[in-house]
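Each remark here refers to the structure printed beneath this line.
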Amino acid sequence: MFAVDWISKALPISRAKPKILVLGLDNSGKTTLLIILNRTSPLLATSLGPLVTIPTLSPSSTEFLIGDTVCDGYDIGGYLPNRTCWAQYTYDVSGVIFCVDASDPDKFDTAKFELDKLLVNENLDGVPILVFGTKVDAPKSVNEERLMQALNIGYTLKKGTAVAITNVSRPIEVFMCSMLSKRGIESGMLWLSQFINK
Ligand SMILES: Nc1nc2c(ncn2[C@@H]2O[C@H](COP(=O)(O)OP(=O)(O)OP(=O)(O)O)[C@@H](O)[C@H]2O)c(=O)[nH]1
Ligand SMILES: [Mg+2]
């Protein structure tokens, strides 16, 4: 017993890092978000170059901190061929970040279609979904209420005045943000952090 105690103290048990899927249509800001999150995790920061992205063709993962927990953020890409692969990544997921370009209303229906598929995916039952409405700095961006309508997310929990509705089996919340000014990112991540196992 003593030996086991000693070994477990000397060799910290390595647990799998929480897996966070970062999903959304093409051009919605997923890769940009992961670069920002990785940079704001000083101990993990690897992306030191300018904040420039190219469309994601192949899935990759990036470490970042949620609270003090190191997570793996999976960036699978948002173009149609990439979206057909999303379901393959839905095992053992601790959280989903779903990015929607709030300045591109023409894509809202497609974004809703993809979000709805995630909502009925059994692997993701109960998994919290943080919806980021990105590009609020862009001239044509819609406000939070309009985005929630478009995505048919009809309730809010973040302001502590939750309107309880039936059939809410998972936490889901919308936060508007700008990757340029970084506005809104922190509050969204703070909301998500409460559901990520330490
Ligand atoms: N103005 C503005 N531009 C943004 C914002 N977020 C991302 N962008 C820009 O939008 C473009 C697409 O961003 P990405 O992060 O590559 O988008 P993505 O979701 O990873 O796209 P795919 O890899 O094609 O799925 C880039 O030129 C970003 O600089 C934002 O909040 N505001
Ligand atoms: Mg990308």
Is it true that some residue in the stretch 69-84 is surrounded by fewer than 19 Cβ atoms within 10 Å (Cβ to Cβ), in contact (Cβ under 8 Å) with a residue 60 or more places away in the chain and not aromatic (Phe, Trp, Tyr)?
yes
request  = Say whether the condition of being surrounded by fewer than 23 Cβ atoms within 10 Å (Cβ to Cβ), in contact with an Asp or Glu (Cβ under 9 Å, 6 or more places away or on another chain) and in a loop (DSSP other than H, G, I, E, B) is met by at least one residue in the stretch 42-49.
outcome  = yes
Pro42 meets each of (1) touching a helix residue (DSSP H, G or I) at 6+ places or on another chain (Cβ under 9 Å); (2) without any contact (Cβ under 8 Å) to a residue 24 or more places away in the chain with one exception, condition (1)
- Task: Restrict the check to the stretch 118-127 and report whether at least one residue is within 13 Å of ligand 1 (Cβ to nearest atom) and over 14 Å from the mean Cα position of the chain (by Cα).
- Result: no
Margin query: Criterion first (over 24 Å from Trp86 (Cβ atoms) and either free of Cβ contacts under 8 Å to residues at least 12 places away in the same chain or not aliphatic (A, V, I, L, M) (or both)) does Asn143 satisfy it?
Written below: yes
With criteria (1) closer than 17 Å to Gly184 by Cβ; (2) at pLDDT below 95; (3) surrounded by 15 or more Cβ atoms within 10 Å (Cβ to Cβ), Val136 comes up short on (2)
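The values are calculated or read from the model by the stated rules, or taken from the named source; none is laboratory data. This one's a predicted model, so the numbers in the text were calculated from it and none came from an experiment. Counting neighbours? That spans all protein chains shown, and the Cβs are built from the backbone with ideal geometry, glycine included.
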